[in-house]
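Data block below; observations after.
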Amino acid sequence: MSNDESPRLTAQEIYEHAVQAGRDELERPAGHLAFSGLAGGFVMGLSGLGVALVRSYLGDGELAKLASFVLYPAGFVAVIIGRAQLFTENTLFPVLVVLRSPSRLGRMFQLWGVVLASNLVGALLFSLLVSHTGALKPGVLERLGALGREATEHSTSELFWGAVVGGWLIALVAWLVSASHSTFGQLALIWFFTFIVGAGLFTHSIAGSSELMVAALRGELPVSECLRWLLAAVLGNAVGGVGLVSLLNYGQVEGHVEKATEEPGKKA
């Protein structure tokens, strides 16, 4: 191993790093969270925009659709590397804190509410910018709205379970980024897993919101359909992040530590 190469982190070290990140988030003032969440929701519009741009050049064939998802990670890269607030990331870090300190549950729900609301406001601002200012060419805007219409063509059950997988993948990204030593490694992880989210058509409550809002603002989608999609997406993402990452990693690491401390002769 070279002198400048960091050793691989253990699961316990990754877990402790994630717990500390959760504590930091829970201690941030609500105003700071709101502004960061606003920026996160706005920047997440880049994911849908990237997909729409590629399809405006290549068309809507199957290979063109697959190629378009190469740019889907753009919003996630900007938000995660830029350390803006994203609702689905917060289904991992604060939950790990609450598993240790249940008294922080109320604060976690407050954080979720602030970040989710500000993410959605940010997505709305992005949608207003691209749909009401002439910033985008008509062909790109049409395809961006089409992404929103296509997202609501699924049943509520399909949306929910797709969101469970999407929430799991994004929370998994947050966990793995915590283990990465380099910005390049973080970029690779984010791109790889969020490409799967896009290409797999797994529901993401914030990345998909701007697409639906564009369609609604253009009069192509009723508000009731947007709300149905959003409810399924938020609930599914929360279940995916909490259930499939936080609890599994808690059982892998924290449960092992607790068991060890309870062994006879073991000092607390």
>> Could you work out how much longer the chain between GLU220 and ILE196 gets when fully extended? Use 0.36 nm per residue separation minus the Cα distance between them, nm to one decimal.
In response: 5.9 nm
> Length gain on complete extension for the stretch LEU125 to GLU150, per 0.36 nm per residue less the alpha carbon to alpha carbon distance?
Replying inline: 6.9 nm
> Simple spin-label model, 7 Å along Cα-to-Cβ: HIS17 to ALA188 in nm?
Replying inline: 1.5 nm
>> Give me the dipole magnitude in Debye, nearest 20, for the chain about the Cα centre, with unit charges on the beta carbon: positive for Lys and Arg, negative for Asp and Glu.
In response: 340 debye
> So for region 17-252, taking the charge dipole from beta-carbon charges (+1 Lys/Arg, -1 Asp/Glu), which of LEU227, ILE170, SER180 sits furthest toward the positive end?
Replying inline: SER180
> Stretch ARG100-LYS137 to full length: gain in nm at 0.36 nm per residue minus the Cα-Cα span?
Replying inline: 8.3 nm
> Who wins for biggest fluctuation among LEU136, LEU230, LEU38 in a Gaussian network model of the chain, springs between alpha carbons below 10 Å?
Replying inline: LEU136
> Order of VAL173, VAL165, VAL114 from fewest to most other C-beta atoms within 10 Å?
Replying inline: VAL165, VAL114, VAL173
> Can you list the residues, at least 5 places off or on another chain, whose amide H is less than 5 Å from the amide H of MET44, using H built in the peptide plane?
Replying inline: none
>> Sort 118-125, 200-207, 219-226 by packing, meaning the average of other beta carbons within 10 Å per residue, with the highest value first.
In response: 200-207, 118-125, 219-226
>> Nearest 10 degrees is fine. How inclined is helix 223-241 to the longest principal axis of the chain, computing both from alpha carbons?
In response: 20 degrees
> Can you put ILE14, ILE196 in order, fewest other beta carbons within 10 Å first?
Replying inline: ILE196, ILE14
> Which ³J(HN,Hα) values, rounded to whole Hz and listed in residue order, are derived for region 133-144 from phi using the Karplus coefficients 6.51, -1.76 and 1.60 in 6.51 cos²θ - 1.76 cosθ + 1.60 with θ = phi - 60°, glycine and proline given as x?
Replying inline: 10, x, 5, 10, 5, x, x, 5, 5, 4, 6, 5
> In which sequence would GLU158, GLU16, GLU89, GLU62 go, from the one with the fewest C-beta neighbours within 10 Å to the one with the most?
Replying inline: GLU62, GLU158, GLU16, GLU89
> Please state the relative contact order of region 17-252 as a whole percent: Cα pairs under 8 Å, 6+ residues apart?
Replying inline: 30 percent
>> Output wanted: per-residue J couplings in Hz (rounded whole) for region 70-86, from phi through Karplus 6.51 cos²θ - 1.76 cosθ + 1.60, θ = phi - 60°, x for Gly and Pro.
In response: 4, 8, 4, x, 3, x, 5, 4, 5, 6, 6, 5, x, 6, 7, 7, 9
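Each reported figure results from applying straightforward, stated rules to the coordinates on display, with no laboratory input. Keep in mind it's a predicted model, so treat the numbers as computed, not measured. For neighbour counting, all protein chains shown are included, and Cβ atoms are generated from backbone atoms with ideal geometry for every residue, glycine included.
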